[in-house]
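No lab work stands behind these numbers, since they all come straight from the coordinates. Just so you know, these numbers come straight off a predicted model, no measurement behind them. Positions of Cβ are generated from backbone atoms using ideal geometry, with glycine treated the same way; all protein chains shown enter the neighbour counts.
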Amino acid sequence: MTVQPIRLFGDPVLRTAADDVVDFDKELRKLVKDLIETMQDEGGAGLAAPQLGVGLRVFSFDVDDVVGHIVNPVLSFPDEEEQDGPEGCLSIPGIYIDTKRRQNVVANGFNEFGDPVQLVGTGLMSRCVQHETDHLDGVLFLDRLDAAGRKDAMKQIRAAEWYDAAKPPTVKENPHAGGIFGAGLFSSGR
Ligand SMILES: [Zn+2]
């Protein structure tokens, strides 16, 4: 069984920046397997290691039947084009809010064996890559919303059955002003 429990909004691990992967070893490959299997079990479009409580810079994705993972991703944006559409997060289940993202992204990183890889994403894949990379910085898609969107989101979250009022979550204001790095994984399945 490699499906792991997903940490929910309010868990401090989701607010902690992850460390670069240094050892491309058996442990990393187990983590990648857990990420992919848990993501697919939940019907998500992406899952970042901190969502499984692991503070390493790696995430998995499953967008339009393109399934994979990337380690130590570094994002760049080839143009200024933006997109706006519903985004959600497996750590904030059931909440979908329109979130602005860059339309196109290039992620440079490594595969689980330490070989360099490049992931070029547009549309939903670009949204996913920005959302998951934000997770590695302790940033959630809620942080990307304007004041009205954030208010709407928090209202929905407080009403959600999974929400634990004893562990009040924090929402950051403008984590990266200008939105160089996008956050937020939309999740296709839930
Ligand atoms: Zn997420």
How many lysine pairs are close in the chain, with Cα atoms under 19 Å apart and the two 8 or more places apart or on different chains?
6
Under the definition of Cα pairs under 8 Å and six or more residues apart, what whole-number percent is the relative contact order of segment 1-52?
55 percent
Furthest towards positive pole of dipole, HIS135, GLY46, ALA160, structure part the chain, Cβ charges:
ALA160
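Let's test the formula: R0 of 25 Å, r as the Cβ-Cβ distance of ASP115 and GLN40. What FRET efficiency results, to the nearest 0.05? Write out the running numbers ahead of the final one.
Numbers: r = 23 Å, r/R0 = 0.93.
So the FRET efficiency works out to roughly 0.60.
Which FRET efficiency, nearest 0.05, do GLU82 and GLU161 yield, Cβ-Cβ r, R0 35 Å?
Working: r = 33 Å, r/R0 = 0.96.
Working from the Cβ atoms, E equals 0.55.
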Name the most mobile residue of ASP62, ASP34, ASP25, meaning the one with the largest mean-square fluctuation, in a Gaussian network model of the chain with Cα contacts below 10 Å.
ASP25
With springs only between Cα atoms under 10 Å, which of PRO50, PRO116, PRO73 fluctuates most in a Gaussian network model of the chain?
PRO116
Once phi is turned into ³J(HN,Hα) by the Karplus curve 6.51 cos²θ - 1.76 cosθ + 1.60 with θ = phi - 60°, what whole-Hz value does each residue of segment 68-81 show in order, with x for glycine and proline?
x, 8, 8, 10, 6, x, 10, 9, 9, 10, x, 8, 9, 4
Over the chain, what is the relative contact order in percent, taking alpha-carbon pairs closer than 8 angstrom and at least six residues apart?
26 percent
Size of electric dipole in segment 1-137: Cβ of Lys, Arg +1 and of Asp, Glu -1, about Cα centre, debye, nearest 20:
280 debye
